[in-house]
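Reviewing the structure listed below.
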Amino acid sequence: MGARQKGFSLIELLIVVAIILIIAAIAIPNLLRSRMAANESSAVGSLRTINTAEVTYSTTYPTVGFAALTSLGGTPATCAQPTGASSAGACLVDDVLAATGIKSGYTFAAVAAGAPIAVTYTSNASPTAPGQSGQRYFCSDQSGVIRYNAGAACNPASDPAL
């Protein structure tokens, strides 16, 4: 009588590996789409925060008006002080977003216009790697309406609202 060997044959192992690869091929694209959707939601939330910060800034500093994104932030050490906020660093937006302009796969910019008082501003969110970190481009202005463009830089005057 021959001794029976315990364990798996090569064919059985190959079948299990093939099944795992098929499941991975189905799951990975869904994961990437979910990540892009999460990045886009984060970008819209950040634009809402920028809109709120711009209104607060223009109310707090009426002789300046609206501000660039860098002026909406502030270093943690400065913002921790009771009198740390100023027109150069208002402590209204997270300093990582204000200083780098990059968050969750999107690049942000906010530019104020008008002299001597900035009466308008535009803010933009662009995917850092279009098609990978996000599909849509987002923008807003002093109206507070967030708009999007599916394939190119967003224009707050003509693109559709969310």
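The values are calculated or read from the model by the stated rules, or taken from the named source; none is laboratory data. Not measured: the values here are computed from a predicted model. Here Cβ is always computed from backbone atoms with ideal geometry, including for glycine, and neighbour counts include all displayed protein chains.
At a glance:
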{"item": "Answer residue from the range 133-149, given it is in contact with a Lys or Arg (Cβ under 9 Å, 6 or more places away or on another chain) and part of a loop (DSSP other than H, G, I, E, B) and is surrounded by the most Cβ atoms within 10 Å (Cβ to Cβ) among those", "result": "I146"}
{"item": "Which listed residue is surrounded by fewer than 17 Cβ atoms within 10 Å (Cβ to Cβ), under 18 Å from A37 (Cα atoms) and touching a Phe, Trp or Tyr at 6+ places or on another chain (Cβ under 7 Å), from A129, A152", "result": "A152"}
{"item": "Any hit, the range 111-122, residues being part of a strand (DSSP E or B), under 14 Å from the mean Cα position of the chain (by Cα) and hydroxyl-bearing (S, T, Y)", "result": "no"}
{"item": "Residue under evaluation D95, criteria (1) charged (D, E, K, R); (2) touching a Gly at 6+ places or on another chain (Cβ under 8 Å); (3) modelled with pLDDT of 95 or more, criterion not met", "result": "(3)"}
{"item": "First in the range 62-80 and closer than 15 Å to T49 by Cβ, second anywhere and modelled with pLDDT under 85, Cβ under 7 Å, 6 or more apart", "result": "G74/G84"}
{"item": "Scope the range 43-82; condition farther than 16 Å from F108 by Cβ and either among the acidic types (D, E) or in a helix (DSSP H, G or I) (or both); matching residues", "result": "V55, T56, S58, T59, T60, P76, A77, T78, C79, A80"}
{"item": "Unique residue being closer than 17 Å to Y121 by Cα and out of contact with any Ser or Thr (no Cβ under 8 Å at 6 or more places or on another chain) when the list is G65, G73", "result": "G73"}
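Table: residues versus (1) more than 18 Å from Q132 (Cβ to Cβ); (2) in contact with a Lys or Arg (Cβ under 8 Å, 6 or more places away or on another chain); (3) at pLDDT 90 or above; (4) loosely packed, with under 13 Cβ neighbours inside 10 Å.
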position	(1), (2), (3), (4)
V16	yes, no, yes, yes
I20	yes, no, yes, yes
I26	yes, no, no, yes
E40	no, yes, yes, no
T52	yes, no, yes, no
